[in-house]
Amino acid sequence: MKILIRNSHTIALLDLSKREIRGGWISVTDGVIDGVGEPGQEPEGPFEEILDASGMAVLPGFVNTHHHLFQTLTRALPGATDAELFDWLTTLYPIWEKINRDGVKSAALTGMAELLLSGCTTTSDHHYLFSRNCADPIDATIEAAKEIGIRFHATRGSMCLSEKDGGLPPDTVVQDEKTILADSRRTVEEHHDPSPGAMIRVALAPCSPFSVTRSLMKETADLARSLDVHLHTHLAETKDEEDYCIKHFGKRPLDYLDEVGWLGDSTWLAHGIHFEKAEISRLGSVCCGIAHCPQSNMRLASGIAPTLDLIRAGVRLGLGVDGSASNDNSSLSAEARQALLLGRLKYGAASLTVDEVLRWATRGGASLLGRDDIGRIERGARADLALFPLDDIAFSGAGDAIAAILLCGPLRVHTLLVEGRIVVREGRLETIDLGRLLEAHRAEARRIRE
Ligand SMILES: [Zn+2]
C-alpha cells in the first residue's frame, strides 16, 4: 500500500536541527514513512491513495502513556466530581465492580475513539480492576484496539491488598498474588509483540503502593525482567500516598520502589509529583520514565509535577490523559495544552516552549514505552500521522501553525493514519460506527450507576 501526503501547509519535524517543512510531502509504503521532502520533489507514483494536505499541519501522532479506559463509564460521576484521590477511589470502586465484559470493551472503544480524534495514534492502558463481572478485561481491551485500529500498549494491572489487609480497595475487586502472576505471564505470552512496528505490546503494572503487597511488587519486577517487558505503576501522586508509604513501609514512595527492585530504564511511573531534590537525581541516574498527567493532577488537586527538574536530571517524560473519571476527557491535544500552561505557571513562559511540549507528546511518550519507531516524522519511522485542519475557527488569524496546535487548541484531526492505515478521514472514524458505540456506552454507564 503506497500513500502520498502532499501540499501540506506545514510538516512538524520538531527536531532541534530542523523544525518544519513548509508545503512538503510524505510518502508511505506498507505502514512505514519512506520519504519526506520539500515541495517540488515529490516521488513518482503510482500511489493507491493521494491525500491533499493543503491548509493542514501534519504532526507525528501523539502517544498517550497513561490511561484507565474503563473509567470513561464514570465521567463526572455524582459523588466523585469534587473529591481528592482516596475519597474519589472509595466512591468509585463499588461502581467499577459492576462493569461487565461488553462494558469494558465499549469503554475502551470510546476512550480510544476520543484519543484518535485528538491526534493520538498510540495509547497505553492501565487496567487494574478484576471483578467477577469481567474475567478478562485486558483481552477485551486488546480486542477493542484491534477493531478500532489504534497502536496499543496494554498494561496488566493488579490489586491484591484489600481493605481487610490494610489496603484501600474492597475485597470484590482484587485478586490473589498467584492468580495475578499466572495471568500476567499468560497475557504477555499471548499478546506481546516485541517486533518493530508492533501494534500490540504488553507491560506489567501493579496499581499503586496502597493496593498491592510488597511481595507482588517484587515478583512482578522479576517476571517482567524474565519476559523482557516494561513495568508501570502510579507513584508520588499525592501526599496521602506518601503518608501511607511512611506508615506502612517505613519509607518514602521512591525508597519503597527501589527496595522492591523497580528502579531502571524499563520502568515508567504515572504522575511523579511529590519527589524531593535528591530523589529526582536518583530517578534521572537510572533513566526512569514519568507519565505527566497535568489535567488529572489539577482535577484531583494532587500537585504540580516538577517536569523540567525531572528532565534536567535525565528522566524521560511523556504525557498521559489518565483515567476518564479523573480528567474527564481523553484528548491528548488538550493534555498537551495543559502541560504547556501548567509548566509555564511553574517555571515561567520562556522556560518551556510549545515545541518542547509537543516532543513530550510524541517522541517522549514513545521513549517511555520503549519505542524509537514512532513519535517522529522521518524516513524509516512508522507512518503514524495526525493532520490538523488550520481552517478551523480556532486557528483563524494564527501565524505559526505548530504553535497554534497548542495555543489555539485543543482540537480534532481532519485525517489520522496509524501504521499507514487511514483511521480518521474528514474528521470521521473509518473503523467503527461511533453512533452505535456511544449508545451502548451510555447504556452501560447508566446500568452501573443504578
Ligand atoms: Zn492513573
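Bear in mind that the values in this text are calculations on the coordinates, not laboratory data. These numbers were taken from a predicted model, which means no experiment stands behind them. Backbone-built Cβ (ideal geometry, glycine too); neighbour counts: all protein chains shown.
Quick look at the values:
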| item | result |
| --- | --- |
| Antiparallel DSSP beta bridges within region 1-87, percent to nearest 5 | 65 |
| Exceeding the 19 Å Cα-Cα cut-off - candidates LYS218/LYS251; LYS105/LYS146; LYS164/LYS247; LYS178/LYS239; LYS178/LYS218 | LYS178/LYS239 |
| The chain: angle of helix 101-117 to the longest principal axis, Cα-based, in degrees nearest 10 | 40 |
| Rg(Cα)/(2.2 N^0.38 Å) for the chain, N = residue count | 0.94 |
| Packing rank of 220-226, 61-67, where each peptide gets the mean count of other beta carbons within 10 Å, highest leading | 61-67, 220-226 |
| Rounded Å value of the spacing that divides the Cα centres of region 223-282 and region 300-364 | 19 |
| Hydrodynamic radius (Kirkwood) for region 184-297, which is based on Cα pairs only, to one decimal in Å | 14.7 |
| Helix-derived mean residue ellipticity, 222 nm - over the chain, DSSP H n ≥ 4, -39500 (n - 2.57), to 500 | -10500 deg cm²/dmol |
| Highest-first arrangement of 38-45, 396-403, 350-357, 181-188, where packing means the average Cβ count within 10 Å | 181-188, 350-357, 396-403, 38-45 |
| Fewest-first ranking of MET1, MET112, using other Cβ atoms within 10 Å as the exposure measure | MET1, MET112 |
| Chain lengthening between ILE200 and GLU44 when straightened (0.36 nm per residue, less Cα-Cα) | 52.9 nm |
| Gain in span if fully extended, GLU143 to SER226, counting 0.36 nm per residue against the direct Cα distance | 27.3 nm |
| Mean separation of Cα contacts under 8 Å (6+ apart) over length of the chain, as relative contact order % | 21 |
| Helix 85-96 axis, angle to the chain major axis (alpha carbon atoms, nearest 10°) | 90 |
| Cross-link reach list, aspartates and glutamates versus LYS277, counting only Cα pairs under 15 Å and skipping chain neighbours closer than eight places | ASP255, ASP309 |
| Region 414-429 and region 123-174: distance between their alpha carbon centers, rounded to Å | 28 |
| Efficiency of FRET between ASP34 and ASP87 - r from beta-carbon atoms, R0 60 angstrom, step 0.05 | 0.70 |
| Proxy reagent accessibility, fewest Cβ within 10 Å first, across ARG428, ARG214 | ARG428, ARG214 |
| Residues THR267, THR121, THR179 arranged by fewest to most Cβ contacts within 10 Å | THR179, THR267, THR121 |
| Crossing angle, helix 177-191 versus the chain [Cα axis fit, 0-90 degrees, rounded to tens] | 20 |
| Antiparallel bridges, percent of DSSP beta bridges restricted to the chain (to nearest 5) | 45 |
| Size of electric dipole in the chain: Cβ of Lys, Arg +1 and of Asp, Glu -1, about Cα centre, debye, nearest 20 | 400 |
